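Participant: Sharing a structure with you now.
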Amino acid sequence: MKQIGMDKRIEKKKWNQTKTLYVIGVIAFLILSGFGIGAINKKIYKVDGSRIAVKTVTEGDFQDVILIDGDVQPINLVLVNTMEGGTVDEIFVEDGILVEKGTPLVKLNNPAATLSYMNQETAIIEQINNLRSLKLSLEKDQRDLSESLIDSENSLADVERAYKIDSVLYDKQILARNNYTNSKESYKYQQKKRDFTDKNVTNSKRNNLTQIQQINRSISLMHRNLEFIHESMDKMLVRAPASGMLSSFDPVIGESYSSNQTVAKIDVQSGFKIRGQVDEYYLSMVKRGQLARFSFDGGLIDLKVKKVLSEVVNRRFEIELVFVNDPPKSITNGQSLQVRLELSKAQKSILIPRGSYFQSSGGQFVYVINGEDEAYKRFIKLGSQNPSYYQVLEGLEKGEKIITSSYDEFKNYESIKIN
């Protein structure tokens, strides 16, 4: 019985030893984990000093500036468009030459349009002839009525003379009463006939005058229509609408052009402008009259915004800039330039240079050098930016040094050790 009891005690001792080892292992793991977490919480990262770039925080005049790409264009550019469609039948000049206003450039051929114009012309000429015939007929009728009035007045004069003589004879009782009565009635008849003819002539003259005036206006309008047709037929010959340098002119014999299609451009050579494209983000910031500059032949050339075209295409809008002073003599049409557009006036600010650190931190923090071999993360607040600097609103002071190279390797650490 005692031996059995001793065996039970031995089994209990072995179980306690296993449990003890297990507990010791757990405690060791927790201790090691604590050391690891403590090391991580320190967030110290070692970096080779030759792999980082360091710049000094400065104070100076800050100006909100953006860079835009611009193209030099003539300040007055005239488009040469076709008035009628057709195929190229003849080419008179070459691209890149000086042309005078009215110079023939290219002749188009459109048989269908030409035939239509000819039919219209024939119809209008026929209408003009008909109106002229009507006018002649009205004028002839007026002359006939006038002649009738003259005849009536002559007849009245003859009858009146006879009536006066018969009246004297009748008073002297030489003429019979019946003859006197006939003479008197004949005289009254001729009077009425003359009055009727006179009234008829007057009314007819007034009506004919109105009709003839309308006919003349119609004939005049038809003549203008004929002139328009002739001009339209002449527009098959495309001419220079202004004097200047011809460009973008490359027609080919047999090539088809539609109505109102641009075939060339003419630079009237009155100066240059610069047309640039700006990101839509700055649409509300770009105003007419703002200044801009670009480098050319070792100097800075001043510009100002003349026009803001607010239509956004492919997330960009266009602006036109003109030269404040005379443009450089060596500048040429079509030349590409990079322009610095000033969105604000200069103001004193704390500045840090642009760098790849911004992509790593999003502009939320920087690593500030403390001494020579350590840098600490510091959160900052940035304002505007230009092609060279960021404007610092909070978090940095003049003279401090910051790392401006990429933070991708150590952005999750609070501090870094620089070797």
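The values are calculated or read from the model by the stated rules, or taken from the named source; none is laboratory data. The structure presented is a predicted model; accordingly, all values stated were derived computationally and were not measured. Cβ coordinates were reconstructed from backbone atoms using ideal geometry, including for glycine residues, and neighbour counts include every protein chain displayed. With ligands, DNA and RNA removed, areas are computed over all heavy atoms of the protein, side chains included. Shrake-Rupley method; radii C 1.70, N 1.55, O 1.52, S 1.80 Å.
Participant: Only loop residues by DSSP count here, and only those with at most 12 other Cβ atoms within 10 Å; note down the trypsin sites (Lys or Arg not before Pro) in the range 384-419 that meet that.
Facilitator: Lys398
Participant: Here's something else I'd like to know. Taking the solvent-accessible surface of protein heavy atoms with a 1.4 Å probe, what is the per residue accessible area of the range 346-419 in Å²?
Facilitator: In whole numbers, the range 346-419 has 53 Å² accessible per residue.
Participant: For Asp71 and Asp151 in the same chain, what is the full-extension length gain: residue separation times 0.36 nm, less their Cα-Cα distance, in nm?
Facilitator: Gain in length upon complete extension: 20.1 nm.
Participant: If I model a spin label as a point 7 Å beyond the Cα along the Cα-Cβ vector, how far apart are those points for Arg354 and Arg275 in nm?
Facilitator: Once both label points are built, they end up 2.6 nm from each other.
Participant: Considering amide H positions built from the backbone, and no H for Pro or chain starts, which residues 5 or more places from Glu84, or on another chain, come under 5 Å of its amide H?
Facilitator: Under 5 Å from the amide H of Glu84: Asn260.
Participant: Quote the charge dipole size of the range 320-370 about the Cα centre in Debye, to the nearest 20; the model charges only the Cβ of Lys and Arg (+1) and of Asp and Glu (-1).
Facilitator: 180
Participant: Okay, moving on. Whole-Hz ³J(HN,Hα) for each residue in the range 365-379, computed from phi via Karplus 6.51 cos²θ - 1.76 cosθ + 1.60 with θ = phi - 60°, x for glycine and proline: what do you get?
Facilitator: 8, 9, 9, 9, 6, 10, x, 10, 10, 9, 9, 10, 6, 9, 7
Participant: If all Cα-Cα distances of the range 170-325 are sorted into 5 Å bins from 0 onward, what percent lands in each bin, rounded to whole numbers?
Facilitator: The distribution over the range 170-325 is 2, 6, 7, 7, 7, 8, 7, 6, 6, 5, 4, 4, 3, 3, 3, 3, 3, 3, 3, 3, 3, 2, 2, 1, 0, 0, given as percents.
Participant: A further question follows. Pull up the cross-link candidates among the aspartates and glutamates for Lys265, meaning alpha carbon to alpha carbon under 17 Å and not fewer than 8 places away within one chain.
Facilitator: List returned: Asp71, Glu94, Asp95, Glu100, Asp250.
Participant: List the aspartates and glutamates whose alpha-carbon lies under 19 Å from that of Lys140, not counting same-chain residues fewer than 8 positions away?
Facilitator: Once the sequence-local aspartates and glutamates are set aside, what remains near Lys140 is Asp151, Asp198.
Participant: Set the Förster distance to 51 Å, then compute FRET efficiency between Val268 and Ala112 from the Cβ-Cβ distance, nearest 0.05.
Facilitator: Efficiency, from the Cβ-Cβ distance: 0.90.
Participant: Then there's this: Would you kindly derive the ³J(HN,Hα) couplings of the range 339-348 from the backbone phi angles with the Karplus curve 6.51 cos²θ - 1.76 cosθ + 1.60 (θ = phi - 60°), listing them in order in whole Hz, with x for Gly and Pro?
Facilitator: Per residue, the Karplus-derived 3J(HN,Hα) values read 10, 9, 9, 8, 8, 8, 7, 5, 8, 5 Hz.
Participant: Evaluate E = 1/(1 + (r/R0)^6) for Asp373 and Glu231, where r is the Cβ-Cβ distance and R0 equals 56 Å; express this FRET efficiency to the nearest 0.05.
Facilitator: 0.05
Participant: Considering the Cα positions of the chain, please state its Rg to one decimal place and its Dmax as a whole number of Å.
Facilitator: 52.3, 207
Participant: To the nearest 0.05, how large is the calculated FRET efficiency for Gln335 and Val313 if R₀ is 22 Å and r is the Cβ-Cβ distance?
Facilitator: 0.45
Participant: Once you've got the GNM for the chain with C-alpha springs shorter than 10 Å, pick whichever of Asp71, Asp302, Asp61 has the biggest mean-square fluctuation.
Facilitator: Most flexible of the set in this elastic network: Asp61.
Participant: To continue, here is another question. Taking the simple approach of a point 7 Å from Cα along Cα-to-Cβ for both Ser258 and Thr103, what is their distance in nm?
Facilitator: Output for this residue pair reads 2.9 nm.
Participant: Also, quick follow-up: Once the piece of chain linking Asn216 and Lys381 is laid out straight, how much longer is it, given 0.36 nm per residue of separation minus the C-alpha distance between them?
Facilitator: 51.1 nm
Participant: Taking all protein chains as present, what is the carbon and sulfur share of the accessible area of the range 201-349, in % to the nearest whole number, probe 1.4 Å?
Facilitator: Solvent-exposed carbon and sulfur of the range 201-349 make up 48 percent of the total.
Participant: Any of Lys55/Lys417; Lys304/Lys381; Lys107/Lys329; Lys107/Lys307; Lys101/Lys306; Lys306/Lys329 with alpha carbons more than 25 Å apart? Name them for me.
Facilitator: From the list (Lys55/Lys417; Lys304/Lys381; Lys107/Lys329; Lys107/Lys307; Lys101/Lys306; Lys306/Lys329), the Cα-Cα distance tops 25 Å for Lys304/Lys381; Lys107/Lys329; Lys107/Lys307; Lys101/Lys306.
Participant: Can I ask one more? Using alpha-carbon positions, what is the distance between the centroids of the range 243-315 and the range 181-226, in Å?
Facilitator: So the separation of the two Cα centres works out to 67 Å.
Participant: Taking the solvent-accessible surface of protein heavy atoms with a 1.4 Å probe, what is the per residue accessible area of the range 184-280 in Å²?
Facilitator: 59
Participant: Residues of the range 153-196 with amide nitrogen under 20 Å from the 7 Å Cα-to-Cβ point of Lys205?
Facilitator: From the range 153-196, the list is 153-157, 191-196.
Participant: Rounded to the nearest 20 Debye, what is the dipole magnitude of the chain about its Cα centre when Lys and Arg each give +1 and Asp and Glu each give -1 at the C-beta?
Facilitator: 2860
Participant: Put +1 on the Cβ of every Lys and Arg and -1 on every Asp and Glu Cβ in the chain; which of Gln142, Met285, Ser218 then has its Cα farthest towards the positive end of the dipole?
Facilitator: Selected residue: Met285.
Participant: With a sphere of radius 12 Å drawn around the Cβ of Ser218, what net charge do the other residues whose Cβ falls strictly inside it have (Lys, Arg +1; Asp, Glu -1)?
Facilitator: +4
Participant: For Ile380, enumerate residues with amide H under 5 Å from its amide H, sequence gap 5+ or separate chain, H modeled in the peptide plane.
Facilitator: Phe365, Val366
Participant: Also, I was wondering about something else. So who's got an amide H within less than 5 Å of the one on Leu175, skipping anything under 5 residues away but keeping other chains? H placed 1.01 Å off N, in plane.
Facilitator: Tyr170
Participant: Additional query: Residue by residue through the range 301-312, what is 3J(HN,Hα) from phi via Karplus (6.51 cos²θ - 1.76 cosθ + 1.60, θ = phi - 60°)? Round to whole Hz and write x for glycine and proline.
Facilitator: Along the range 301-312, the couplings run 9, 7, 10, 9, 6, 9, 8, 10, 8, 6, 5, 9 Hz.
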